[in-house]
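Enquirer: Input: one structure, supplied below.
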Amino acid sequence: MSEQTQARVPPSPTPDPSTRVFWDAAREGKLLIGRNTKTGKVHYPPRPICPFDDEGEVEYVPASGQGTIYTYSVMRAKQPYVIAYVELAEGPRIMSNIVDCDFEALKVGQPVRLTFVTSEGGQPIPMFTPA
């Protein structure tokens, strides 16, 4: 029998004023990334200051939710799960989990799409599933 990621419920995040917009968007089913209004460079996690340039403002924009597995590891804990870096279609890489999948079928470069998993406290957490 292949292992699946369905049983694990992630712990709740602790939003603070700098991450509130991100978590509010997640409740609406959106994954936000930051974009420099002057250069157009995007980054994750979104934060008020661009990590690449000190010019321009940062705006929060929704990501498409499409990406590919850059690398991953199966964590064989009490409730096994997959942790991965997903390269978003927009460019940034995001550390996340791959859910609702057969662990043995995952491959680097595999297309994935955004999904949300409800945390212990009810906050939706952005994760990915095979596309």
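The values are calculated or read from the model by the stated rules, or taken from the named source; none is laboratory data. Please read all numbers here as calculations on a predicted model, not as lab measurements. In this analysis, Cβ positions are derived from the backbone assuming ideal geometry, glycine residues included, and neighbour counts consider all displayed protein chains. Protein only, heavy atoms only, side chains kept; ligands, DNA and RNA dropped before computing areas. Shrake-Rupley method; radii C 1.70, N 1.55, O 1.52, S 1.80 Å.
Enquirer: Which net charge results for the neighbourhood of residue 43, defined as the other residues with beta-carbon distances under 15 angstrom from its beta-carbon, given Lys and Arg at +1 and Asp and Glu at -1?
Expert: -2
Enquirer: Right, something else. Using a basic spin-label model with each label point 7 Å from the Cα along Cα→Cβ, how many nm lie between residue 60 and residue 120?
Expert: 2.5
Enquirer: Going 7 Å from the Cα of residue 39 along its beta-carbon direction, which residues of segment 48-77 have the amide nitrogen within less than 20 Å of the resulting point?
Expert: Once the point is set 7 Å along Cα→Cβ of residue 39, 48-63 turn out to lie under 20 Å by backbone N, inside segment 48-77.
Enquirer: Which percent of the accessible heavy-atom area of the chain goes to carbon and sulfur, probe 1.4 angstrom?
Expert: The value for the chain is 51 percent carbon and sulfur by accessible area.
Enquirer: Same structure, new question: Pull up all non-local amide H partners of residue 70: gap of 5 or more, or a different chain, and H-to-H distance under 5 Å with H placed in the peptide plane.
Expert: Residues meeting the criterion, in which the H sits 1.01 Å from N, are 85, 86, 87, 109.
Enquirer: Using helices alone, I'd like the mean residue ellipticity at 222 nm for the chain: each DSSP H run of four-plus residues gives -39500 (n - 2.57), total over residue count, nearest 500.
Expert: Theoretical 222 nm ellipticity from helices: -1500 deg cm²/dmol.
Enquirer: May I ask you to list the lysines whose Cα is less than 25 Å away from that of residue 41, ignoring any residue fewer than eight positions away on the same chain?
Expert: Answer for residue 41, where 25 Å is the Cα cut-off: 30, listed by chain and number.
Enquirer: Let me ask something else. If you count the DSSP beta bridges with both ends in the chain, what percent of them are antiparallel, to the nearest 5?
Expert: Taking every DSSP beta bridge within the chain, about 95 percent pair in antiparallel fashion.
Enquirer: Could you check how many percent of all C-alpha pairs in the chain are farther apart than 21 Å?
Expert: Of all Cα-Cα distances in the chain, 43 percent exceed 21 Å.
Enquirer: Select from 115, 52, 72 the residue farthest towards the positive end of the dipole of the chain; place +1 on Cβ of Lys and Arg, -1 on Cβ of Asp and Glu, and compute about the Cα centre.
Expert: 72
Enquirer: Additional query: Where the only charges are on Cβ atoms (+1 Lys, Arg; -1 Asp, Glu), what is the dipole of segment 1-124 about its Cα centre, to the nearest 20 debye? Don't skip to the end; give the middle numbers.
Expert: Values: 13 positive and 15 negative charges, 40 e Å.
The calculation lands at about 200 debye.
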